[in-house]
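The values are calculated or read from the model by the stated rules, or taken from the named source; none is laboratory data. For clarity, every value in this text was computed on a predicted model and none was experimentally measured. Neighbour counts are summed over all protein chains in view; Cβ atoms, including those assigned to glycine, are modelled from backbone coordinates with ideal geometry. The area values use the complete protein model at the heavy-atom level, side chains included, leaving out ligands, DNA and RNA. Shrake-Rupley method; radii C 1.70, N 1.55, O 1.52, S 1.80 Å.
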Amino acid sequence: MANQNGVVGQKSVRKNQIKGRNGKRKLLILAIEIIVLLLAVAWIWINGKMDKLNTDVNFHERDVTNLELPEETKEVLVEYTTIALFGLDNREDSSYNSGNSDVIMVARIDNDSKEVRLVSVYRDTFLKMADLKNTDAYSKANAAYAVGGPQQAVRMLNTNLDLDIREYISFDFSAVAEAVDILGGVEVDITEEEAGHLNNYCVETSKITGKSYSPLPGAGTYTLNGVQAVSYGRIRYTAGDDFKRTERQRLVLNKMVEKALESDMLTINKLIDTVFPKIQTSLTKVEVVNLAKDAFNYKLGETAGFPFDRKNEVVSISYQRGDSDCVIPADLASNVKQLHDFLYGTSSYQVTDSVQSISDEIVYRTNVKAQDKE
């Protein structure tokens, strides 16, 4: 009898163990189903957001790839993500395939440390246009976008700077103004001279963007709204001219990045919904997601303007009638060496034969040499 009770007890224990295992298995299956459901919802949400992005399906890497770069340079560049940023001075909203690119930046992301460095290429820099139809054309850097759109603009950067940029992002006044307003403005110290010019620019910027502003009373520290921030970045009639203007542009971008990294998901969501339709990019949905997943790990490092060494000169340029003031590298080859040191840490960089040839041609056309730098 005792033995029978023992057998019954063992059977009961085994049944309870089986029930326990079945219960755990059901919980595990339920947990997996919930995770899959959440992933599906997340993917639908992300995919919906990416659909708002204006992807340039006509942009092809083969049209911008730099075939002149030696293997050792490619091995260095592959450790970084380098993207061209173009701010278009377009009066027509949502037009991204033409117009002068009055903002030209090279953004370099260290794939390991996530440090971002920015270099502004001065819009008036005298460079080779990398025009496939007019192969001998030289002009201001911002003319490349106006003539051949983003493909020629990226190709121009690669050709003159020994880079291998494969991606770009273009935006206009409206995109920046909207982003700044959503982020709650950017705080900037304004001089008396800047305040006057900013107020003047605000009139046109407000008309273009359809957004309002208040004139600044004078010098001081202000939280600039979208119209004011865009106008601040357009100022070029102060000491430093375009060189100072690009500093202002990088400052506004830096402030925007700082605010974005401190923002909550509601703000980020609104930023995506509002700004994505107002930019154009060669980046695919997958590439944007891959960049975005590390967004809160990015940190903005040093910024600079290119050319580092330069001389202002009046020269005859292609695509425009008569003469125009240009920024002349002094000389291009030595500036490209500095650029690669600044962006990629290659202090002993040697330019390609093609860049040396372009550098020599600029010297020939302008008579500005390395020793003429200001």
For Arg236, are the conditions met, namely being open to solvent by 50 Å² or more (accessible area, probe 1.4 Å), free of Cβ contacts under 8 Å to residues at least 40 places away in the same chain and of a type in the set (D, E, K, R)? yes
Checking the conditions here, which among Gln350, Gln280 is modelled with pLDDT of 90 or more, closer than 30 Å to Leu183 by Cβ and either assigned to a strand (DSSP E or B) or open to solvent by 80 Å² or more (accessible area, probe 1.4 Å) (or both)? Gln280
Could you list all residues from segment 108-140 that are in contact with a Lys or Arg (Cβ under 9 Å, 6 or more places away or on another chain), open to solvent by less than 10 Å² (accessible area, probe 1.4 Å), within 24 Å of Arg248 (Cα to Cα) and among the hydrophobic types (A, V, I, L, M, F, W, C)? Leu118, Val119, Phe126, Leu127
Segment 283-300, residues that are within 23 Å of Val154 (Cα to Cα) and open to solvent by less than 50 Å² (accessible area, probe 1.4 Å): Leu283, Val288, Val289, Leu291
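Counting only residues that are of a type in the set (A, V, I, L, M) and in contact with a Leu (Cβ under 9 Å, 6 or more places away or on another chain), which one in segment 155-175 is most open to solvent (accessible area, probe 1.4 Å)?
Filtering segment 155-175 for residues of a type in the set (A, V, I, L, M) gives 156-157, 161, 163, 165, 169, 175.
Okay, now just the ones that are also in contact with a Leu (Cβ under 9 Å, 6 or more places away or on another chain), so 156-157, 161, 163, 165, 169.
Details: Met156: 1, Leu157: 1, Leu161: 3, Leu163: 1, Ile165: 0, Ile169: 42 Å².
That would be Ile169.
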Within segment 196-224, restricting to residues that are hydrophobic (A, V, I, L, M, F, W, C) and without any contact (Cβ under 8 Å) to a residue 60 or more places away in the chain, the one that is nearest to Lys259 (Cα to Cα) is Leu224
Would segment 90-113 turn up any residue that is part of a loop (DSSP other than H, G, I, E, B), of a type in the set (Lys, Arg) and at pLDDT below 90? yes
